[in-house]
Amino acid sequence: MNEAKKALLGLTTNELKDISAGAGLPAFTGSQMAKWLYDKHVRSIGEMTNLSKTARQRLGETYEVGCREPLRCQHSSDGTIKYLFPVVSLSGSHCVETVFIPDDDRATLCVSSQVGCKMGCLFCQTGKQGFEGNLSAADILNQVYSLPEGGRLTNIVFMGQGEPMDNIDAVLRATQILTAADGFAWSPKRITVSSVGVKSGLKRFLDESQCHVAISMHSPLHEQRLALMPAERAMPIAETVALLRQYDFTRQRRCSFEYICFGGLNDSEEHARKITRLLRGLECRVNLIRFHAIPNADLPATDMGRMEQLRDYLTGHGIFATIRASRGEDILAACGLLSTAHKKGNLQE
Ligand code: SF4
């Protein structure tokens, strides 16, 4: 594969039309290419068989589809599959992890938006990896495009490696192509993008996208959240909630809060009261998540009984709360466990 060629994956139909025009081809060639890419998921320009031979040849001199197969996959005993995808847009051998989570009639894909992460959350392996670079829209979309189970997907969550709002241009482009009628044609109701709260990116996302939003809360208390999540300094959770209150979540669009439970730390009734006060009047739900221990993070796990108490308190006080099932822990695919810190160099091994 010629690395110097430019990727078509990640371009909008209008941009594909511009490329057609630039190559002296009719504008409808751009629409045809969009269909081949986002509807049929072809692997090469040569497979775009309703383009003339001349068109395919001319385009192939400069462009390629730009998709990349996963380098590796690991299967969990619970059916979860973790894939390792190469990152094309960064120099060097970078890669990201993507998690496929089948569950009865649903199949969710957890995609990554950055290699590593700048946010440094105490409980997260990706945070410990540090930041290596942003994924392009093509790198993000390739996780969907080249997924062997792509045809089974019902939901996509941007909850893999990275803070999506810190790479907002690529994330918005990817979600736009995913939801465009001439793109992947997904409903925004099937896509959720998470954030710790990065002000400018989150505001743009709320303004420019209709996809669901999930905020990583983990504590309603400023000092405690700051200790867990340095991002609290720049955008306190109270400010994030105040921003969210400016948007309408009473219709199709959903707002949720992710809450990892640490035993004796953030799972008390006092915390439940504070969460209730913080979220009162906001149409939202809270997803409680069990903490998965990581090396060098001295944080306690909670037990199911305390999580149920927290859930029942919240639900009893008007905030719909659920306990999220933990998936893929045995292959380090569960919440907070993703890392590609040591997966560079010979990726084929
Ligand atoms: Fe980054 Fe999310 Fe991990 Fe925090 S939890 S370090 S935002 S990947």
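Brief remarks follow.
- A Cβ distance below 8 Å, combined with a sequence gap of six or more or placement on separate chains, defines the contacts here; from the range 124-138, residues that are free of Cβ contacts under 8 Å to residues at least 12 places away in the same chain reach residues that are near the ligand (Cβ under 10 Å from one of its atoms) and not in a helix (DSSP H, G or I) in the pairs GLY127/CYS117; GLY127/MET119; GLY127/GLY120; GLY127/CYS121.
- Against the conditions (1) among the hydrophobic types (A, V, I, L, M, F, W, C); (2) at pLDDT below 95; (3) in a helix (DSSP H, G or I), MET1 satisfies every one except (3).
- Residues that are farther than 16 Å from PHE85 by Cβ, buried (at least 19 other Cβ atoms within 10 Å of the Cβ) and more than 12 Å from the ligand (Cβ to nearest atom), drawn from the range 329-344: ALA334
Results for (1) closer than 30 Å to ASP298 by Cβ; (2) in contact (Cβ under 8 Å) with a residue 60 or more places away in the chain, shown as yes or no for each residue.
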site: LYS189; (1), (2): no, yes
site: GLY197; (1), (2): yes, no
site: GLY201; (1), (2): no, no
site: LEU228; (1), (2): yes, yes
site: ARG233; (1), (2): yes, no
site: ALA238; (1), (2): yes, no
site: ARG245; (1), (2): no, no
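- Residue list for the range 50-97, restricted to those being among the β-branched types (Val, Ile, Thr), closer than 26 Å to ASP18 by Cβ and within 18 Å of the chain's Cα centre (by Cα): VAL87, VAL88
- Residue in the range 140-152 that is surrounded by the most Cβ atoms within 10 Å (Cβ to Cβ), counting only those that are within 15 Å of the chain's Cα centre (by Cα) and assigned to a helix (DSSP H, G or I): ILE140
- Yes/no for ILE275 being within 16 Å of the ligand (Cβ to nearest atom) and crowded, with 21+ Cβ neighbours inside 10 Å: no
- Residue within the range 41-61 that is touching a residue at least 12 places away in the same chain (Cβ under 8 Å), surrounded by 17 or more Cβ atoms within 10 Å (Cβ to Cβ) and among the basic types (Lys, Arg) present: yes
The values are calculated or read from the model by the stated rules, or taken from the named source; none is laboratory data. As the structure is a prediction and not an experimental result, all values here were calculated from the model. Using ideal geometry, Cβ is built from the backbone for each residue, glycine included, and neighbour counts are taken over all protein chains shown.
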